[in-house]
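The values are calculated or read from the model by the stated rules, or taken from the named source; none is laboratory data. Only a predicted model underlies this, so the values are computations on that prediction, with no experimental measurement involved. For neighbour counting, all protein chains shown are included, and Cβ atoms are generated from backbone atoms with ideal geometry for every residue, glycine included. Note: areas computed on protein heavy atoms with side chains; ligands, DNA, RNA excluded. Shrake-Rupley method; radii C 1.70, N 1.55, O 1.52, S 1.80 Å.
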Amino acid sequence: NYKIKIIEAVKNNNNISRTNLRKILEKEYIYLYRYDKEWLFNNLPTKIEHKNNLSKRINWNKRDREYLSLLKEKYRHLLSLESQVQITKSSLTKSLGIQTNIEKRINKLPLTKSFIEQKIESTEEFQIRRCKKIIDELISNNEIIKLWKIQRKAAIRSNQFKKIKFKLENYIEENIV
């Protein structure tokens, strides 16, 4: 009985795919798959080979501009957060749901690639940005600026802080008028 239903469905729908047939006759398909798989596969419609021509179907220039717009907005958002976050490829792309495409198809997205390369921060750059924010707060509150205080508030280890100390001293000099 199940076999007859499968045969009739294939005859009545010339262009039916295997997937659609399985959806329409789910109970019959599952039964035959479990108990007479050979007959089922011999009587299913021929398998349709899908060519993976993603680049022909996707307008990569348009997608590149869309991603760039999303990334610029995300970048501004990350900079505006009260608790600072390091700007990484992941922090920019993950929550937007575009991380996989960025990782696998970055060469098809030149504007996006360029933006990401310009904006991502090394750990040292992030530490400097964090310290500059602390310095700006100290200046605006007319507090005395002490490097050890900045280091403590920024939670940076001494060996790392030594690497950025000179840049921070220059920043302090430039901003104290």
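General observations
- Hits in the stretch 101-126 - residues which are farther than 30 Å from residue 164 by Cβ and basic (Lys, Arg): 104, 105, 108
- When the criteria are applied in full, residue 124 fails the requirement of being free of Cβ contacts under 8 Å to residues at least 40 places away in the same chain, open to solvent by 50 Å² or more (accessible area, probe 1.4 Å), charged (D, E, K, R) and part of a helix (DSSP H, G or I).
- Listed conditions (1) open to solvent by less than 70 Å² (accessible area, probe 1.4 Å); (2) touching a residue at least 12 places away in the same chain (Cβ under 8 Å) are all met by residue 163, apart from (1).
- Scanning the stretch 134-160 for residues that are in a loop (DSSP other than H, G, I, E, B) and open to solvent by 80 Å² or more (accessible area, probe 1.4 Å) turns up 141, 142, 144, 146, 155, 157.
- When each of 93, 19, 100 is tested for being open to solvent by less than 50 Å² (accessible area, probe 1.4 Å) and without any contact (Cβ under 8 Å) to a residue 24 or more places away in the chain, the lone residue that passes is 93.
- Residue within the stretch 71-88 that is among the polar types (S, T, N, Q), surrounded by 13 or more Cβ atoms within 10 Å (Cβ to Cβ) and modelled with pLDDT of 90 or more present: yes
- Residue in the stretch 106-121 that is farthest from the chain's Cα centre (by Cα), counting only those that are farther than 14 Å from residue 65 by Cβ and free of Cβ contacts under 8 Å to residues at least 12 places away in the same chain: 118
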